[in-house]
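S.K.: Handing you a structure now.
The values are calculated or read from the model by the stated rules, or taken from the named source; none is laboratory data. Since we're looking at a predicted model, the values are computed, not measured. Here the Cβ positions follow ideal geometry from the backbone for every residue, glycine too, while neighbour counts run over all protein chains shown.
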Amino acid sequence: MVTGTVLETMDAASYTYLRVKTDTGELWAATAQFNVGVGDRVVVPLEMPMKDFHSPSLKRDFPLIYFTSHVDREGQPASAMMPGHAQMGGGSPAAAAAPPMANVAPAAGGTAVADVWAKRAALAGTSVTVRGRVVKFNGGILDRNWIHIQDGTGNAKDGSNDLTITSQDMAKVGDVITATGTVTVNKDFGAGYSYGVIVEGARIVAKS
């Protein structure tokens, strides 16, 4: 965590970008859009540093920027971490939480979220179809979108209720999507962010 004064801020593609002056220098951070102004004092968790990041929406390059799950005003209680923070997507800008989770039936021939976790070793390298409600969306990071889904199966204590999908397709929090992609296990993206299982290169074949 660092505390500093906002020197510059802009909104783009559902994110708020901030340039913050701290005791050790200036830094850039990005998080889900929120109201903040120049001169505000903020507390920034130094989550998920990204070097040489290009923002297509801003048409701007950042030598170093921190994608963080939340930014709080100084003196206010810290925000709760978003679902899946222990995994890769948790360090990135996140939309608001989805409506309360209800069971989502698997797609025909598909695999439940908990089963992807339970059978991940056998599924590694194979294509799966999963269906669930989007609880978190992070767009345009590492040239892909990061989508967390839940379907009511699995256990929140060990994270087996939440599955992360990477895709070029778009979704929004609250959507129920059906997606097909390749299972990868023990994926490490560096900076302390890794997945026990992730579905990569997915195509969203249905959305409601």
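S.K.: Determine if the stretch 137-151 includes at least one residue that is among the β-branched types (Val, Ile, Thr) and modelled with pLDDT under 90.
M.R.: Yes, the conditions are met somewhere in the stretch 137-151.
S.K.: Considering only the stretch 112-126, how many residues are touching a strand residue (DSSP E or B) at 6+ places or on another chain (Cβ under 6 Å) and either among the small types (Gly, Ala, Ser) or free of Cβ contacts under 8 Å to residues at least 40 places away in the same chain (or both)?
M.R.: 1
S.K.: Please list, ordered by residue number, the strands (runs of 3 or more DSSP E) wholly in the stretch 145-208 having 2 or more residues that are among the aliphatic types (A, V, I, L, M) and out of contact with any Phe, Trp or Tyr (no Cβ under 9 Å at 6 or more places or on another chain).
M.R.: Correct list: 176-188, 194-207.
S.K.: I've got another one for you. Give just the number: which of (1) farther than 27 Å from Asn145 by Cβ; (2) more than 20 Å from the chain's Cα centre (by Cα); (3) part of a strand (DSSP E or B) does Thr9 not satisfy?
M.R.: It is condition (1) that Thr9 fails.
S.K.: Scanning the stretch 35-59 for residues that are assigned to a loop (DSSP other than H, G, I, E, B) and among the polar types (S, T, N, Q), which turns out farthest from Asp72 (Cα to Cα)?
M.R.: Across the stretch 35-59, the extreme among qualifying residues is Ser57.
S.K.: Has the stretch 178-193 got at least one residue that is modelled with pLDDT under 90 and among the basic types (Lys, Arg)?
M.R.: Checked the stretch 178-193: at least one residue is modelled with pLDDT under 90 and among the basic types (Lys, Arg).
S.K.: Can you go through Thr126, Thr178, Thr166, Thr111 and tell me which one is out of contact with any Lys or Arg (no Cβ under 9 Å at 6 or more places or on another chain) and of a type in the set (S, T, N, Q)?
M.R.: When all the criteria are applied, what remains is Thr126.
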